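Notes for the one structure printed next.
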Amino acid sequence: MSKLANLYLKDQAFKLYSTGMKPADIAKELNITPNTLSTWKTNDKWDEKVNDNNLLPVSVSFIFIKFDGS
């Protein structure tokens, strides 16, 4: 696997992990071994990052209001 592909998978895995998805399910979804995921999780300290409120995924909602010009 190329370094770029590896970085992409790691990023995708972290995004899924930060939503609360289980590591075993992430490994299956991304077709990687649970050991690889565990190594990334430990080395990159995912639990600390997920617990940091600044790095949690943010859900943004938009309200569209129709303006008829009158």
Residues of the range 25-45 that turn out to be under 14 Å from the mean Cα position of the chain (by Cα) and of a type outside the set (Lys, Arg), as a count: 8
In the range 11-22, what residues are within 14 Å of Lys49 (Cα to Cα) and either in a helix (DSSP H, G or I) or polar (S, T, N, Q) (or both)? Asp11, Ala13, Phe14, Lys15, Leu16, Tyr17, Ser18, Thr19
Are there any pairs with C-beta distances below 9 angstrom linking a residue in the range 21-49 that is crowded, with 16+ Cβ neighbours inside 10 Å to a residue that is in a loop (DSSP other than H, G, I, E, B), with the two at least 6 apart or on different chains, and if so which? Ile26/Ile32; Ala27/Thr33; Trp40/Ile32
Residue hits (the range 33-64; assigned to a loop (DSSP other than H, G, I, E, B) and modelled with pLDDT of 95 or more) are Thr33
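The values are calculated or read from the model by the stated rules, or taken from the named source; none is laboratory data. Since we're looking at a predicted model, the values are computed, not measured. Cβ sites come from the backbone with ideal geometry, for glycine too, and all protein chains shown count toward neighbours.
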